[in-house]
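All remarks here apply to the structure that follows.
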Amino acid sequence: GDKSITHRAIMLSSIANGPSIINNAHVGKDCLATIQCLKAMGVKIERYNDKVIIHGKGLYGLNSPFDLLDAENSATTVRILSGILSAQNFPSVIFGDTSLAKRPMKRIIDPLTSMGAKINSTYNNDCIPLEISPSRLRGIDYRTPILSAQIKSALLFAGLYADGPTSYTEEYQTRNHTELLMKNFGIDISVEPGERVAVGMVPNASDSDMENGLIGSTIGEHLFYKNVTTTLYPKGEFNGRNIQIPGDMSAAAFVIGAALLIPNSAVKILNVGVNETRDGLLRVLQSMGADITMLNYREHEGESMADLLVRTSELCATTIEGPFIPNIIDEIPMLAVIASLAKGTTIIKDAKELRYKESDRITSTVTNLRSMGVNATETEDGMIIEGTDHLEGAIVGSFMDHRIAMAFSIAGLVAKGETRILNSHCVDISYPNFYDTFMFE
Ligand code: S3P
């Protein structure tokens with residue numbers, strides 16, 4: 001189940017009236033942390049494997065927690081929940097682990113404060129712990145300087161409690177799961193798509209590669225929306241409902257990577273969420289020449305899903321930038337590993353946000369690629385990767401970052417010799433049965 005949608009479904013169901021059933025929920029550690037925080041505020045939540053039943057308490061039904069709220073490793077939990085906590089009539093403190101303590105929170109503190117929220121960072125460093133005091137919120141028009149679905153979601157959740165509409169404008173649309181879910185709950189929310197821009201993708205391939213047919217299948221223009229404004233009109237209470245969560249594209253990315261790189265593979269991945277704000281990985285890979293076929297496409301309540309048939313492919317390099325970046329932000333470590341085995345030089349830019357994830361993913365990805373013999377270089381907002389014909393097995397770090405551990409486990413599968421991934425248990429954050437999927441020893 002998709003991690004982003006599950007976080008939002010848990011939070012929205014908790015402040016809805018009456019029961020909601022979440023099917024195919026993501027049950028990695030991050031979403032379990034969100035569940036624990038809401039349980040600590042009196043929400044009754046039952047879990048049967050990946051089915052989660054939430055007995056919503058209504059917009060104003062949360063209780064004052066007896067203890068600090070522990071978001072563990074999950075920035076999504078802190079950032080979005082802060083939007084809800086800001087509007088409660090009780091004080092709360094939210095904190096997490098040492099990795100989360102380094103992640104920037106000013107990005108939500110500032111706009112929530114302009115809505116009237118009272119948020120104090122305990123150590124005055126704009127990081128957790130955040131001490132949140134009761135306040136009355138007002139609707140604002142906010143244009144974000146950072147492309148982040150977490151900031152957008154924090155404001156939309158806070159907007160449910162505001163005295164007027166809240167609108168949020170972003171240069172390029174980030175994942176829109178909050179908007180879709182809120183609409184399904186009957187909340188009055190509208191999206192002005194702004195201007196349509198077409199971005200061309202051309203492979204970084206030599207003329208001879210072009211002549212030999214080593215070029216992508218869907219090279220050409222990709223459409224994005226620029227200056228997208230989302231407006232929420234608060235109308236009070238709403239009711240619980242059933243929610244079906246699609247499979248997580250960001251987890252499927254590792255299976256896709258393995259299938260593309262391991263010789264003679266053909267893998268069908270079922271029920272993958274292919275929402276157009278999350279399908280950039282497929283578009284980029286297809287333009288690199290990947291043999292990926294989308295089967296059985298269907299839509300359900302605004303989200304879309306498909307089965308993906310992925311076959312081993314000879315790939316060529318590309319340049320990834322601009323509006324593609326928010327769409328593929330969590331898939332970049334895997335994409336970098338794939339690019340390291342593509343023909344030519346791949347350039348990733350406009351991706352400085354990678355430095356603020358569970359690890360600095362520009363440094364962690366480039367460091368590990370170099371350990372495996374790849375000529376990769378960091379830039380301030382991305383990386384340059386020279387494709388090679390093989391990876392060397394190596395000892396690599398996970399940097400305690402689940403997506404780095406998984407991307408380099410796939411690298412290890414195709415490398416010559418043994419690869420050891422240090423602290424690989426951190427895959428539990430988003431893909432607890434990752435190693436079972438690949439039947440690693
Ligand atoms: C997420 C949004 C992204 C992503 C994160 C999950 C979400 O972060 O990297 O893993 O669920 O909204 P930003 O919104 O900060 O870019």
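Sort E358, E237 by accessible area with a 1.4 Å probe, largest first.
E237, E358
Given the options I348, N375, M294, identify the residue whose Cα lies farthest towards the positive end of the charge dipole of region 288-435 (+1 on Cβ of Lys, Arg; -1 on Cβ of Asp, Glu).
Looking along the dipole axis, the top candidate is N375.
From a point 7 Å beyond the Cα of R136 in the direction of its Cβ, which residues of region 69-94 have a backbone N at a distance under 19 Å?
Of the residues in region 69-94, 84-91 have backbone N under 19 Å from the label point off R136.
How big is region 255-393 along each principal axis, measuring the range of its Cα positions in Å and listing the largest first?
41, 34, 23
Round to the nearest 10 and give me the degree value, 0 to 90, for the angle of helix 402-414's Cα axis relative to the longest principal axis of the chain.
With both axes taken from Cα atoms, the answer is about 20 degrees.
Which order, highest average first, do 270-277, 157-164 follow once you tally other Cβ atoms within 10 Å for each residue and take the mean per peptide?
Output ranking for 270-277, 157-164: 157-164, 270-277.
Just order 367-377, 384-394 by mean Cβ neighbour count inside 10 Å, highest at the front, would you?
367-377, 384-394
Report the label-to-label distance for Y297 and Q36 in nanometres (one decimal), using points 7 Å from each Cα along the Cα→Cβ vector.
With each label placed 7 Å out from Cα toward Cβ, I get 4.1 nm.
Taking the chain as a Gaussian network, Cα atoms linked when under 10 Å apart, which of I84, I262, I332 shows the biggest mean-square fluctuation?
Residue with maximal mean-square fluctuation among I84, I262, I332: I262.
Provide Rg over Rh for the chain; use the alpha carbon set for both Rg and the Kirkwood Rh (inverse mean inverse pair distance).
Using Cα coordinates only, the ratio equals 0.97.
List the lysines whose alpha-carbon lies under 28 Å from that of K268, not counting same-chain residues fewer than 8 positions away?
K3, K29, K51, K343, K416
What whole-number value in Å² describes the accessible area per residue of the chain for a 1.4 Å probe?
39 Å²
Just by accessible area at a 1.4 angstrom probe, what is the order of K39, K226 from largest to smallest?
Heavy-atom accessible area, descending, gives K39, K226.
Taking the Cβ of L85 as the centre, find all other residues whose Cβ is under 13 Å away and add up their charges (Lys, Arg: +1; Asp, Glu: -1).
+1
Which shape class, rounded, prolate or oblate, goes with region 311-425 when its Cα gyration tensor gives a ≥ b ≥ c as root eigenvalues, a/c under 1.5 marks rounded, and past that a/b bigger than b/c marks prolate?
Cα axes put region 311-425 in the oblate bin.
Among 65-72, 396-403, how do they line up from the highest to the lowest mean number of other beta-carbon atoms within 10 Å?
By packing density, highest mean first, the sequence is 396-403, 65-72.
Could you tell me whether region 1-96 comes out rounded, prolate or oblate from its Cα gyration tensor? Rule is a ≥ b ≥ c as square roots of the eigenvalues, rounded for a/c under 1.5, then prolate if a/b exceeds b/c, otherwise oblate.
oblate
Considering only protein heavy atoms, what is the solvent-accessible area of K357 at a probe of 1.4 Å, reported in Å² to the nearest 10?
40 Å²
So which of K118/K357; K102/K226; K226/K349; K152/K349 end up more than 29 Å apart, counting from Cα to Cα?
K102/K226
Return the FRET efficiency for the residue pair S114, N264: r is the Cβ-Cβ distance, R0 is 51 Å, and the value is rounded to the nearest 0.05.
Calculated value: 0.35.
Using a 1.4 Å probe and counting only protein heavy atoms, arrange I421, I338 so the residue with the most accessible area comes first.
I421, I338
The values are calculated or read from the model by the stated rules, or taken from the named source; none is laboratory data. All of these numbers come straight from a predicted model, not from anything done at the bench. We place every Cβ from the backbone using ideal geometry, glycine too, and count neighbours over all the protein chains shown. SASA here: full protein model, heavy atoms, side chains in, ligands and nucleic acids out. Shrake-Rupley method; radii C 1.70, N 1.55, O 1.52, S 1.80 Å.
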